[in-house]
Amino acid sequence: MKLLVVEDEARIAAFLEKGLTAYGYAVEWASTGAEGLRLGVAPDVALVILDLKLPDLDGLEVLAGLRERGSMVPVLILSARGQLDDRVRGLDLGADDYLPKPFAFSELLARVRARLRPGPIGAGILRAGAVYLDVLTRAVTVGGRTVSLSDREFALLRAFVSHPRQVLSRRDLLAMAWDMDFDPQTNLVDVYVGYLRRKLGDGMIETVRGAGYRLRLDGSFTAPAAP
């Protein structure tokens, strides 16, 4: 699972990269706000750790830019600017958490894990990895990229997002997305998994031979080419 660190101090960025990598995360570093904004909307970024004091853009401008582009990627602000006004403004702009410097790495790691934990994150919104699904509006984003799905594709994706990392059999998926008993002659599940793969990105839905399918959360997928 890839994390993006937007931090202009190389020493702090290296510290974060070393610590987070040791716990199994892939880490990408952006040293400027403009670079952070560009990289932050990539489909394989699962969380952004964002400093506020950057050499070009204010970190809050980067946050606002991500949200204006429709990105729902979790953002953890990490900054020496710990004043109440900064914290409130960051949260109002769509930050998910705010940790003042200096910080304990164990607390940072706990907050990262909490923000990446699959499950409901708000009224009607489900998240699994880079996938956000709004069950009320049927809006879907993958790493900040809006994806248009049919009703049946949405129902199938909801089944995967509701059971992240779990292998779901064709019988399971027919019951969840079609409310149907298993029919060994139907290839509905395989056809619609193919549709989802083309729209979400190659590698996001993994085939488990002899068992079924599961949604990958490690960010190891390739976004589809723009039409």
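Give, to the nearest whole percent, the P(r) tail of region 8-67 beyond 16 angstrom, counting all Cα pairs.
Of all Cα-Cα pairs in region 8-67, 42 percent lie more than 16 Å apart.
Take peptides 27-33, 40-46 and line them up by average Cβ neighbours within 10 Å, highest first, as a rough protection proxy.
Averaged packing, sorted descending, gives the order 40-46, 27-33.
For the chain, modelled as a Gaussian network with Cα springs under 10 Å, which listed residue fluctuates most, Arg115, Arg127, Arg152?
Top of the fluctuation ranking is Arg152.
Calculate the translational D of region 2-117 in whole µm² s⁻¹ from Stokes-Einstein, where the hydrodynamic radius comes from the Kirkwood formula applied to all Cα pairs, the temperature is 25 °C and the viscosity 0.890 mPa s.
My calculation gives 178 µm²/s for D.
So, with +1 on the Cβ of K and R and -1 on the Cβ of D and E, and no other charges, what is the size of the charge dipole of region 120-215 about its Cα centre, to the nearest 20 debye?
Rounded to the nearest 20 debye, it is 320 debye.
Calculate for the chain the 222 nm mean residue ellipticity that helices alone would give, adding -39,500 (n - 2.57) per DSSP H run of length 4 or more and normalising by residue count, nearest 500 deg cm²/dmol.
-10500 deg cm²/dmol
May I ask you to derive the relative contact order of region 120-215, considering only C-alpha pairs under 8 Å and at least 6 residues apart, and to give it as an integer percent?
Relative contact order here is 23 percent.
Using the count of nearby Cβ atoms within 10 Å as a rough guide to exposure, how do Val191, Val131 rank from fewest to most?
Final ranking by Cβ density, sparse to dense: Val191, Val131.
Could you tell me, in Å, what Rg and Dmax come out for the Cα atoms of the chain?
18.7, 63
Taking the beta-carbon count within 10 Å as an exposure proxy, list Ile205, Ile77 from fewest neighbours to most.
By the 10 Å Cβ count, ascending, the order reads Ile205, Ile77.
Taking the Cα centre of region 20-82 as origin and charging only Cβ (+1 Lys, Arg; -1 Asp, Glu), how large is the dipole, in debye to the nearest 20?
I would put it at about 140 debye.
Tell me the relative contact order for region 2-117 as a rounded percent, counting alpha carbon contacts under 8 Å between residues six or more apart.
After rounding, I find 23 percent.
Any idea what the dipole of the chain comes to, in debye rounded to 20, about its Cα centre with Lys/Arg Cβ at +1 and Asp/Glu Cβ at -1?
The dipole magnitude comes to about 500 debye.
Going through region 90-176, which chymotrypsin sites (Phe, Trp or Tyr not before Pro) have at most 15 other Cβ atoms within 10 Å and a DSSP loop state?
Phe103
Specify the angular offset, from 0 to 90 degrees and rounded to the nearest 10, of the alpha carbon long axis of helix 59-68 from the longest principal axis of the alpha carbons in the chain.
20 degrees
At a Cα cut-off below 22 Å, give the lysines reachable from Lys199, other chains included and same-chain residues fewer than 8 away excluded.
Of all the lysines, those that pass the test against Lys199 - Cα under 22 Å, at least 8 places apart if same chain - are Lys2.
Would you mind ranking Val208, Val62 by Cβ crowding within 10 Å, fewest neighbours first?
With the fewest neighbours first, Val208, Val62 line up as Val208, Val62.
The numbers here are math on the coordinates, done by the rules we state, and not lab data. Keep in mind the model is a prediction, meaning the values are calculated, not measured. Quick reminder, even Gly has a Cβ in these numbers, built from the backbone with ideal geometry, and neighbours come from all protein chains shown.
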